[in-house]
Amino acid sequence: MDQHDLVAALKQLAGELGRTPTREEFCRAVRGAHYALPKFGGFMPLLQAAGMESRRFDKKDRPLGNIVFETSIDKHLEAYQPKEPIIQGPYPSIASISDIHWPFPNNRVVSRFQEFCGDLKPEWVILNGDAWDMYSHAKFPRSHNVFTPREEQAKARAMNEEFWQKIKARCPAAKCVQMIGNHDVRPMKRILEAYPEAEDWIAEKLKSLFSFTDVKTIFDPREELEIGNILVFHGYRSKLGDHRDYTLMNTINGHTHQGGVSFRRIRGQTLWELNSGLAGDPEAKGLTYTPQRITNWTPGFGAVDCHGPRFICEG
């Protein structure tokens, strides 16, 4: 098809339509037009060669309604049946505090948490790992002028016992759980690196240190606690929401010292992650392992009630 054939075909189509055809109409009506137009320089030069003006639509010339479209929408709405939402609540009431790092606590956060438990009277109170710092057993450079390992252990144990005594006094009906975090097992790791045969002995020592009256202790830092559709553990990932996305469950965790709540819609249900933040003192000697004084750590604690999860900042 040469240029003369294209011009003739365009004029013939315009006569049939009673108006200037659009490029799409011309290509549909004339076989080979789609491939021949580039040789002519495009559709606009072809219109000029045929003595026609391009067809331009004005908004006021456009039809206000489209009966076919509107009818199909009506049929769609008649047939549409929304899916029933997956309802997860009401949730049990839970108070969660994490990363106290005794003997380097943030006393304001710990005291406020104990008061909060007295007000809320939660079904569950969870100390979510890294209750003790175990500064004396750290691998990073540390001072030996703070206290001896024995002194640190004695201080941390006394503080931990006092914490649970105050919790039980304020909410005696609550189920109390203490989880073990990566800081809590520092001594075990240091010993097992050099003397793996002592694993059973070290496990018994760990149990004696972290056993408290009327408190369930989960001694394996990899073990999880399930409360309904909520998975509770200390944590092992670094970004808020990562634990939820990894487990595909609602989660309560700590570890990162970055408190907050993250929601995400996954497979028809809204899942969340509650990070319990930091209840230790970021200015204390035991938490000076960061490369600079500025951190994104968040002092506070977590709570869950019938309305869902929230982080309570106390800094």
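The values are calculated or read from the model by the stated rules, or taken from the named source; none is laboratory data. Keep in mind it's a predicted model, so treat the numbers as computed, not measured. Reconstructed Cβ throughout: ideal geometry from the backbone, glycine too, with neighbour counts over all protein chains shown.
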Task: Identity of the residue in the range 146-201, more than 34 Å from the chain's Cα centre (by Cα) and basic (Lys, Arg), that ends up nearest to Val232 (Cα to Cα) - done: Lys155
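Please enumerate the residues belonging to the range 262-296 that are loosely packed, with under 11 Cβ neighbours inside 10 Å and within 25 Å of Trp102 (Cβ to Cβ).
First, the residues of the range 262-296 that are loosely packed, with under 11 Cβ neighbours inside 10 Å: 265, 267-268, 283, 291-294, 296.
Result: Glu283, Pro291, Gln292, Arg293, Ile294, Asn296.
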Task: In the range 90-106, the residues that are closer than 20 Å to Gly181 by Cβ, of a type outside the set (Phe, Trp, Tyr) and out of contact with any Cys (no Cβ under 6 Å at 6 or more places or on another chain) - done: Ile94, Ser96, Ile97, Ser98, Asp99, Ile100, His101, Pro103, Pro105, Asn106
TODO: Mind listing just one residue for me: the one in the range 42-96 that is at pLDDT below 70 and within 30 Å of Gln3 (Cβ to Cβ) and, of those, surrounded by the most Cβ atoms within 10 Å (Cβ to Cβ)?
DONE: Arg55
Open item on the list: Show the residue pairs meeting these rules: Cβ distance below 9 Å; 6+ apart or different chains; first residue within the range 180-199 and of a type in the set (Lys, Arg); second residue in a helix (DSSP H, G or I).
Closed with: Arg186/Tyr135; Arg186/Ser136; Arg186/His137; Lys189/His137; Arg190/His137
TODO: Starting from the range 144-155, keep only residues that are touching a residue at least 40 places away in the same chain (Cβ under 8 Å), then list their pairs with residues that are of a type in the set (Val, Ile, Thr) and part of a loop (DSSP other than H, G, I, E, B) whose Cβ atoms are within a distance under 8 Å, requiring at least 6 positions of separation or different chains.
DONE: Glu152/Val146
TODO: Among the numbered conditions (1) at pLDDT 95 or above; (2) farther than 15 Å from Gly181 by Cα; (3) assigned to a loop (DSSP other than H, G, I, E, B), tell me where His234 comes up short.
DONE: (2)
Task: Subset of the range 234-261 (residues that are crowded, with 16+ Cβ neighbours inside 10 Å, closer than 23 Å to Asn106 by Cα and small (Gly, Ala, Ser)) - done: Gly235, Gly254, Gly259, Gly260
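When the residues of the range 184-230 are filtered to those that are touching a Lys or Arg at 6+ places or on another chain (Cβ under 7 Å) and hydrophobic (A, V, I, L, M, F, W, C), which remaining residue is nearest to Thr251 (Cα to Cα)? Walk me through how you get there before you give the answer.
Kept after step one, since they are touching a Lys or Arg at 6+ places or on another chain (Cβ under 7 Å), are these residues of the range 184-230: 209, 214, 219.
Add one more test, that the residue is hydrophobic (A, V, I, L, M, F, W, C), and what stays is 209, 219.
Values: Leu209: 27, Phe219: 19 Å.
The selected residue is Phe219.
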Open item on the list: Looking for something of a type in the set (Asp, Glu), modelled with pLDDT under 95 and within 31 Å of the chain's Cα centre (by Cα) - is there at least one such residue anywhere in the range 207-222?
Closed with: yes
Open item on the list: I'm told Gly181 meets every condition in (1) over 18 Å from Val110 (Cα atoms); (2) buried (at least 17 other Cβ atoms within 10 Å of the Cβ) except one. Can you identify the failing condition by its number?
Closed with: (1)
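State whether one or more residues within the range 262-284 are part of a strand (DSSP E or B) and among the acidic types (Asp, Glu). Walk me through how you get there before you give the answer.
Filtering the range 262-284 for residues part of a strand (DSSP E or B) gives 262-266, 269-275, 278, 280.
Now narrow it down to the ones that are among the acidic types (Asp, Glu): 273.
Within the range 262-284, one or more residues are part of a strand (DSSP E or B) and among the acidic types (Asp, Glu).
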- [ ] Spot the failing condition for Glu152; the list is (1) closer than 19 Å to Asn253 by Cα; (2) surrounded by 18 or more Cβ atoms within 10 Å (Cβ to Cβ); (3) of a type in the set (Asp, Glu), and only one is missed.
- [x] (1)
Open item on the list: Can you tell me which residue is nearest to the chain's Cα centre (by Cα) among those in the range 233-262 that are closer than 23 Å to Glu283 by Cα and small (Gly, Ala, Ser)?
Closed with: Gly260
Task: Where a residue in the range 234-246 is without any contact (Cβ under 8 Å) to a residue 24 or more places away in the chain and its partner, wherever it lies, is assigned to a helix (DSSP H, G or I), with Cβ under 7 Å and at least six apart - done: Arg237/His243; Arg237/Tyr246
- [ ] Could you pull out the residue among Asn229, Asn145 that is modelled with pLDDT under 95, under 30 Å from Gly89 (Cβ atoms) and of a type in the set (S, T, N, Q)?
- [x] Asn229
- [ ] Report the residue count in the range 1-39 for those that are buried (at least 17 other Cβ atoms within 10 Å of the Cβ) and of a type in the set (Phe, Trp, Tyr).
- [x] 1
